[in-house]
Amino acid sequence: MMDVNKENFDRLVLQDPGLVVVDFWSPKCEPCLAMEEDLEFLASGYAGRLTFARCNILENRRLALGQRVLGVPALVIYRAGEKLWQGATLEELENQLAHILGQGR
Amino acid sequence: MDWDVLIVGGGPAGLAAGLYSARSRLRTAVIFRGQAGGQIAGTSFIENYPGIPGRTEGAALGRAMLEQARAFGCEHLEDEVLQLLPGPSGHTVRLKRQGEQKARAVILSPGTEPRALGVPGEREFRGRGVSYCATCDADMFADFDLVVVGNGDAALEEAIYLGKFAASVTVVVIHDVGVMDATKIIQERALADPKLRFVWNSTIQEIRGSDLVEEVVLRNLRTGEVSSLSTQGVFVFAGVVPRTGFLQGAIALDGRGFIVAGENMETSVPGVFAAGDARQKALRQVITAAADGAVAAWNADRYIATEENFRMQVLERPGTVLVGLWTPAVASSHALPRQLEEAAARLGVPAVVLDSYRFGRIAQRYGAKEPPAVLVFQDGKPVGAYTGTPDPVGALREGGIPA
């Protein structure tokens with residue numbers, strides 16, 4: 001999973017024509033750390049179809065606030081640079097992705 | 001059988017159980033994800049665990065507990081438990097990644113998570129101003145005006161912690177002026193903190209905003225008055241709910257989902273024990289969790305020793321077996337071992353003599369409430385019981401072995 005930050009967020013997330021999932025996290029956030037492995041696993045299952053990225057909010061506070069993220073874990077789905085959805089749990093994310101990808105077919 | 005003891009959850013209860021179980025030379029693993037310590041991993045400091053003075057960081061204490069358990073041979077499975085499948089000889093734990101693992105005994109210490117208020121706006125604004133974790137999010141809320149809901153230890157400690165970052169923290173207390181659930185010393189610190197202000201007799205009725213939280217609607221329970229308070233962040237510390245969803249249908253839970261288990265940590269299923277915050281109890285602290293863990297591990301050890309012993313000596317033995325129950329503390333049972341061995345020799349069948357204190361659970365299962373008592377097994381099935389008499393061996397001689 002690639003790391004995104006204030007320097008490359010625009011290019012790697014907002015300018016991506018496809019679907020991008022961004023995991024806004026913090027090293028101080030226990031629930032974020034606990035879900036990390038499952039998120040990696042989920043990402044590997046979608047490899048080639050959509051991009052997964054992670055953004056450390058401690059180092060990118062303004063960026064997070066600009067994306068209307070205030071509190072972690074925050075899982076956000078972007079499509080063609082537009083914020084489609086935001087949630088806090090992997091279950092929600094999995095359901096949402098299934099829904100979005102199902103619609104696209 | 002993969003393990004002697006599997007422990008679900010890596011907080012103080014699970015890690016103490018792991019330490020005790022591994023020191024009893026039981027093949028032990030503790031299952032959890034993320035940092036060791038459970039809830040304390042996200043607690044800025046612990047100051048009320050005896051022998052650990054000063055302000056020890058919660059995460060550091062959790063790591064130390066895991067290291068100590070591992071030093072005695074306890075293993076760590078980094079996984080999540082999906083289901084518990086109790087069985088007659090050993091229990092199965094279904095894991096998200098590593099499939100099924102079987103153990104002779106299971107200790108459940110899954111802990112709790114914050115209770116949601118269930119008010120409009122709470123769900124929608126999660127991650128956009130509503131939070132349940134001060135350590136996770138405090139940095140994000142620097143210089144903001146915040147609201148904390150709750151008045152227990154966690155609420156006030158986190159309010160003080162948030163005050164170090166925030167412009168102001170308003171604590172919404174449901175009780176009358178000056179009345180809070182937190183420990184007195186924590187109340188004193190909170191009341192003396194210049195960053196904190198208190199709204200009494202009140203609850204939050206709604207959380208409002210557009211993209212991010214902008215205000216909360218407060219309701220005064222005495223006057224019925226409704227007012228709004230502008231804020232950028234709402235931190236909810238209004239009690240906890242147990243993480244026991246995966247146990248539904250497997251063991252007895254109370255109406256709120258807490259595991260029902262008594263002083264011996266025994267749940268409704270033999271060989272399954274509970275420890276820590278997810279157990280139905282009054283005081284949820286590191287020290288009580290650790291104590292639960294030790295008691296659960298000790299009882300798991302005893303359970304394994306007695307159940308295995310009984311299975312091998314009695315249940316898996318073909319033909320007739322006489323089981324005599326006595327115990328040193330009951331004088332009237334002292335003659336039983338010798339009498340039963342003589343009777344068994346005459347009848348030409350094997351006899352097993354057990355201490356009814358150690359084997360109490362098994363004795364009860366077959367209807368022998370008090371020693372002395374004699375149970376008769378045929379191919380592992382109970383076929384007769386001589387109980388409630390001062391001379392059960394005499395009764396056996398008269399009654400004989402049931403056909």
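The values are calculated or read from the model by the stated rules, or taken from the named source; none is laboratory data. Note that this is a predicted model, so its numbers are computed, not measured. For neighbour counting, all protein chains shown are included, and Cβ atoms are generated from backbone atoms with ideal geometry for every residue, glycine included.
Here are the numbers:
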quantity	calculated
Residue ID - nearest to B:I251 (Cα to Cα), chosen from residues in the range B:99-118 that are surrounded by fewer than 19 Cβ atoms within 10 Å (Cβ to Cβ) and touching a residue at least 40 places away in the same chain (Cβ under 8 Å)	B:K102
Which listed residue, of B:P371, B:P337, is more than 30 Å from B:G11 (Cβ to Cβ) and part of a loop (DSSP other than H, G, I, E, B)	B:P371
Subset of the range B:359-389 [in contact with a helix residue (DSSP H, G or I) (Cβ under 6 Å, 6 or more places away or on another chain) and surrounded by fewer than 16 Cβ atoms within 10 Å (Cβ to Cβ)]	B:G380, B:T389
Count of residues meeting criterion [aliphatic (A, V, I, L, M) and buried (at least 17 other Cβ atoms within 10 Å of the Cβ)] in the range B:69-96	6
Any hit, the range B:108-119, residues being assigned to a loop (DSSP other than H, G, I, E, B), farther than 24 Å from B:G245 by Cβ and out of contact with any Pro (no Cβ under 7 Å at 6 or more places or on another chain)	no
Selection from the range A:30-62 of residues that are away from chain B (no Cβ under 11 Å) and either β-branched (V, I, T) or touching a Leu at 6+ places or on another chain (Cβ under 6 Å) (or both)	A:L50, A:T51
Every residue from the range B:135-147 that is more than 10 Å from chain A (Cβ to nearest Cβ) and in contact with a Gly (Cβ under 9 Å, 6 or more places away or on another chain)	B:D145, B:L146, B:V147
Pair list, Cβ under 9 Å, 6 or more apart: the range B:375-403 residue closer than 14 Å to B:T320 by Cβ, other residue of a type in the set (D, E)	B:G380/B:E316
Selection from the range B:32-53 of residues that are hydrophobic (A, V, I, L, M, F, W, C) and surrounded by fewer than 24 Cβ atoms within 10 Å (Cβ to Cβ)	B:A41, B:F45, B:I46, B:I52
Looking only at the range A:67-93, and only at residues there that are assigned to a helix (DSSP H, G or I) and modelled with pLDDT under 95, the one that is surrounded by the fewest Cβ atoms within 10 Å (Cβ to Cβ)	A:E91
